[in-house]
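These notes are about the structure you will find just below.
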Amino acid sequence: MTEEVKNSGVSESVAPKTKTTKKAKRIVNAGAVHIQSTFNNTIISVTDKNGGVLTASSAGANGFRGSKKGTAFAAGVAAEKALELAKKNHSLNSVDVYVSGIGLGRDAAIRAVSTAGIKIDSITDVTPIAHGGVRPKGERKP
């Protein structure tokens, strides 16, 4: 069902226009906030209980550049933005908070969750911890 358009001997096909439908907004009462905080940036993801992302924000996405992205203030702004959208679009009202990383924005992002008017059910630190690793290749040393 494509039309052929001929301009000066060159033929090109034009695809028919398709209608796009607006995605329905889900109502999620309880969800999870994942905070990934590094020395360079802080990323906030708001998900439902199954892990489907509702909204996400980061310090870099909110206009902070360079070393300012790693600050606690930038993390708070990013968390406020993500939670405001989740509250408005999905009527989120209680969350579990999962914090990963060792950056400056950990505490500021958690504080921003509580000031956004969303009830915090639990706070869990999921930062990976090194345990010595696997045995290196080669012969055992005496």
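Specify which of the listed residues (Ala56, Ala86) is part of a helix (DSSP H, G or I), in contact with a strand residue (DSSP E or B) (Cβ under 6 Å, 6 or more places away or on another chain), buried (at least 17 other Cβ atoms within 10 Å of the Cβ) and at pLDDT 90 or above. Before the answer, list the steps.
Working: Ala56 fails: part of a helix (DSSP H, G or I).
The match here is Ala86.
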Task: Number of the condition not met by Val53 [criteria: (1) in contact with a helix residue (DSSP H, G or I) (Cβ under 6 Å, 6 or more places away or on another chain); (2) within 20 Å of Lys25 (Cα to Cα); (3) of a type outside the set (D, E, K, R)] - done: (1)
Task: Residue within the range 33-41 that is touching a Lys or Arg at 6+ places or on another chain (Cβ under 7 Å), assigned to a strand (DSSP E or B) and crowded, with 18+ Cβ neighbours inside 10 Å present - done: yes
- [ ] Confirm whether Arg135 is more than 16 Å from Ala30 (Cα to Cα) and loosely packed, with under 10 Cβ neighbours inside 10 Å.
- [x] yes
TODO: For Asn62, indicate whether it is polar (S, T, N, Q), within 18 Å of Gly31 (Cβ to Cβ) and free of Cβ contacts under 8 Å to residues at least 24 places away in the same chain.
DONE: no
Open item on the list: Could you tell me how many of the residues in the range 92-125 are surrounded by 13 or more Cβ atoms within 10 Å (Cβ to Cβ) and in a loop (DSSP other than H, G, I, E, B)?
Closed with: 6
Task: Hits in the range 88-103 (condition: more than 15 Å from Ser58 (Cβ to Cβ), touching a residue at least 12 places away in the same chain (Cβ under 8 Å) and over 15 Å from the mean Cα position of the chain (by Cα)) - done: Asn89, His90, Ser91, Leu92, Asn93, Ser94, Ile102
Task: Condition broken by Lys81, with the remaining ones in (1) of a type outside the set (A, V, I, L, M, F, W, C); (2) outside any helix (DSSP H, G or I); (3) touching a strand residue (DSSP E or B) at 6+ places or on another chain (Cβ under 9 Å) satisfied - done: (2)
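The values are calculated or read from the model by the stated rules, or taken from the named source; none is laboratory data. Fair warning: this is a prediction, and the values are worked out from it, not measured in the lab. Don't worry about glycine lacking a Cβ; one is built from the backbone with ideal geometry, like all the others, and counts go over all protein chains shown.
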